[in-house]
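Enquirer: One structure, pasted below without further comment.
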Amino acid sequence: MSNESNQRRKSVILQDIFARNVRVERTKMGITQEELAAICGYHRTYIGSVERGERNITLATVEALASAFGVKPFQLLVDDYE
């Protein structure tokens, strides 16, 4: 596997971890995607695509979601977080 392919795969894995952690945190709060979107200032469909791992998000998005959940940004990127 080429280095570029390997890097791309690691990125996808991190997106999946982030997606799962966002979904877990939102569920723990007992809110909908629409409610989370309103808190963060994003559209509901954007939150849905983040939770499905379809978005290559920015650090600003990581910060906004972490703030909404009351966690540190890195916690949303950790595989064994909960």
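Enquirer: So how many residues does region 23-39 have that are buried (at least 18 other Cβ atoms within 10 Å of the Cβ) and among the hydrophobic types (A, V, I, L, M, F, W, C)?
Expert: 2
Enquirer: Sticking with this one: If the requirement is being modelled with pLDDT of 95 or more and surrounded by 15 or more Cβ atoms within 10 Å (Cβ to Cβ), which of these qualifies: R20, R55, R44? Full working, then the answer.
Expert: Details: R55 fails: modelled with pLDDT of 95 or more; R44 fails: surrounded by 15 or more Cβ atoms within 10 Å (Cβ to Cβ).
On inspection, the qualifying residue turns out to be R20.
Enquirer: Let me ask something else. Determine which single condition M29 fails, assuming it passes every other condition in (1) within 19 Å of V12 (Cα to Cα); (2) in contact (Cβ under 8 Å) with a residue 24 or more places away in the chain.
Expert: (1)
Enquirer: Could you please find all residues in region 1-17 being assigned to a helix (DSSP H, G or I) and either modelled with pLDDT under 70 or touching a Leu at 6+ places or on another chain (Cβ under 7 Å) (or both)?
Expert: Narrowing region 1-17 to residues assigned to a helix (DSSP H, G or I): 3-17.
Result: N3, E4, S5, N6, Q7, R8, R9, K10, S11, L14, I17.
The values are calculated or read from the model by the stated rules, or taken from the named source; none is laboratory data. Just so you know, these numbers come straight off a predicted model, no measurement behind them. Note that each Cβ is placed from the backbone with ideal geometry, even for glycine, and that neighbours are counted across all protein chains shown.
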